[in-house]
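Undergrad: Below is the structure I would like to discuss, written out as structure tokens.
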Amino acid sequence: MTTTAAVGKVDKRKRSGRKAQIIDVSTELFREKGYHATSLDDIADRIGFTKPAIYYYFKSKEDILFAIVDEIVDSGLERMEAVAATDLSPTEKMHDLLAENTRVILENLDANSVFYNERGLLSAEREEAIRDREREYTRVARQIYIDGVEAGEFTDVDPAVATATLLGASIWAHRWFDPNGSMTTDEVAEQIATLLLEGYRS
């Protein structure tokens, strides 16, 4: 499992119509059944149209998986860069980054579960394209940490270790969060950010 936080809330306003429907339904099925166990017939049956209609928008099942993963990475990087561009202190930026990262993961559980569980099935070329953009995401996070160390706000440890640990803990929430539980996504996001930045000792 990667510890880069290349995850974000998908802006569904950027896409519409049948292509969006195919992506959404495929995301549900890939999470429920897994990528290998889901056929294009399964996707078409759930939507209610024929498999040839899917081929009009996607040449293969892998194209659909790539669309899901690509959308997640783009959205996550956009949100990361927005946090980094603010005039907040490094501590405030890191808090917002961690809270937002957790929040958008929990608001898109299906898509993020597919991202982490199924993305390894992409072709080597496509996986490398995703990793290139993940590295940019990580670079932004590390720079915030470096700025925090220089400002005397963060512990002076290797920024790669620090950011991988912080983002990894945030990302892992997609494994245990219960959307029907007693806490909202916002509450969980804020508590995770506070715990990671301030520690667990009173």
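Undergrad: Can you give the accessible area of His36 in Å² (nearest 10), computed on protein heavy atoms with a 1.4 Å probe?
TA: The value for His36 is about 140 Å².
Undergrad: Another question, then. Through the Karplus equation 6.51 cos²θ - 1.76 cosθ + 1.60, θ set to phi - 60°, convert the phi angles of segment 35-44 into ³J(HN,Hα) values in whole Hz; use x for Gly and Pro.
TA: So the Karplus estimates, Gly and Pro as x, are 4, 5, 7, 9, 9, 5, 5, 4, 5, 4 Hz.
Undergrad: If you don't mind, another one. Taking H as built 1.01 Å from N, whose amide H comes closer than 5 Å to the amide H of Phe154, not counting residues under 5 places away?
TA: Answer set, sorted by chain and number: Val149.
Undergrad: Can you give me the relative contact order of the chain as a percent, contacts being Cα pairs under 8 Å and 6 or more apart?
TA: Dividing the mean separation by the residue count of the chain yields 32 percent.
Undergrad: Report Tyr116's accessible area, 1.4 Å probe, all protein chains in place, as a number in Å² to the nearest 10.
TA: 30
Undergrad: I've got another one for you. In a Gaussian network model over the chain where Cα atoms closer than 10 Å are linked, find which of Arg126, Arg103, Arg18 has the largest mean-square fluctuation.
TA: Of Arg126, Arg103, Arg18, the Gaussian network model singles out Arg18 as fluctuating most.
Undergrad: Once you put a point 7 Å from the Cα of Ala124 and another 7 Å from the Cα of Glu32, both along the Cβ direction, what distance in nm separates them?
TA: Output for this residue pair reads 3.5 nm.
Undergrad: Would you calculate a helix-derived [θ] at 222 nm for the chain, using -39,500 (n - 2.57) for each DSSP H run of n ≥ 4 and dividing by the full residue count, to the nearest 500?
TA: So the helix-based figure for the chain works out to -22500 deg cm²/dmol.
Undergrad: If you don't mind, another one. Can you compute 3J(HN,Hα) from phi for each residue in segment 170-180, using the Karplus curve 6.51 cos²θ - 1.76 cosθ + 1.60 with θ = phi - 60°, rounded to whole Hz and x for Gly and Pro?
TA: 5, 4, 4, 4, 5, 7, 10, 5, 10, x, 9
Undergrad: Which one, Val157, Gly181, Thr91, projects farthest toward the positive side of the charge dipole computed for the chain from Cβ point charges (K/R +1, D/E -1)?
TA: Gly181
Undergrad: Keeping the other protein chains in place, figure out the carbon and sulfur percent of the accessible area of segment 117-192, with a 1.4 Å probe.
TA: Taking all protein chains in place, segment 117-192 shows 50 percent carbon and sulfur surface.
Undergrad: Go through segment 71-80 residue by residue and turn each phi into a ³J(HN,Hα) via Karplus (6.51, -1.76, 1.60, θ = phi - 60°); whole Hz please, and just put x for glycine and proline.
TA: 5, 4, 5, 4, 5, x, 5, 4, 5, 4
Undergrad: Something else about it: Among (1) 43, 38, 29; (2) 60, 39, 28; (3) 42, 42, 32, only one was calculated for this model; which label is it, if the read-out is Cα extents along the principal axes in Å?
TA: The calculated read-out lines up with (2).
Undergrad: Can you give the charge dipole size of the chain about its Cα centre, rounded to the nearest 20 debye, using +1 on the beta carbon of Lys and Arg and -1 on the beta carbon of Asp and Glu?
TA: Dipole about the Cα centre, nearest 20: 780 debye.
The values are calculated or read from the model by the stated rules, or taken from the named source; none is laboratory data. Note that this is a predicted model, so its numbers are computed, not measured. Glycine also receives a Cβ, built like all others from the backbone with ideal geometry; neighbour counts cover every protein chain displayed. Ligands, DNA and RNA are stripped out before the accessible areas are found, and what is left, the full protein with its side chains, is counted by its heavy atoms. Shrake-Rupley method; radii C 1.70, N 1.55, O 1.52, S 1.80 Å.
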